[in-house]
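Have a look at the structure below, then the notes.
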Amino acid sequence: MRKYATVWTNEFADRVADTEFINYCYLFYGPGGVYDIKATKKELKAAAEILQYVPGWNFVGDSTDREHAKELVLIMRNKGE
């Protein structure tokens with residue numbers, strides 16, 4: 001479990017999910033990214049919104065959240081097939 005004690009308000013988490021965190025994820029998983037899975041910002045935003053509301057999960061917008069967002073994008077893609 002992560003050691004972060006920060007608890008974000010939904011408003012703050014929403015702001016991060018809409019801007020900084022999405023751009024951060026996009027640099028890694030978007031077209032031409034470090035780990036290019038051709039993720040769109042729309043997919044990453046949907047994943048970030050899910051992560052914010054997982055019971056017991058403290059969304060902080062770090063690399064752990066980024067990796068979980070990637071996994072959610074891949075899961076959402078597979079569910080659509």
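The values are calculated or read from the model by the stated rules, or taken from the named source; none is laboratory data. Since this is a predicted model, take the numbers as computed values, not measurements. Note: ideal-geometry Cβ built from the backbone for every residue, glycine included; neighbour counts use all protein chains shown.
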Selection count where residues are buried (at least 20 other Cβ atoms within 10 Å of the Cβ), more than 9 Å from the chain's Cα centre (by Cα) and in contact (Cβ under 8 Å) with a residue 40 or more places away in the chain, scope segment 14-58: 1
Wholly enclosed helices (runs of 4 or more DSSP H) of segment 1-61 bearing at least 2 residues at pLDDT 85 or above and within 20 Å of Arg77 (Cα to Cα): 20-29, 41-52
Cross-chain or 6+ apart pairs with Cβ under 7 Å, segment 61-81 first and at negative phi, then part of a helix (DSSP H, G or I) and among the charged types (D, E, K, R): Val73/Glu43; Met76/Glu43
Residue match in segment 66-73 (condition: at pLDDT 90 or above, part of a loop (DSSP other than H, G, I, E, B) and not acidic (Asp, Glu)): no
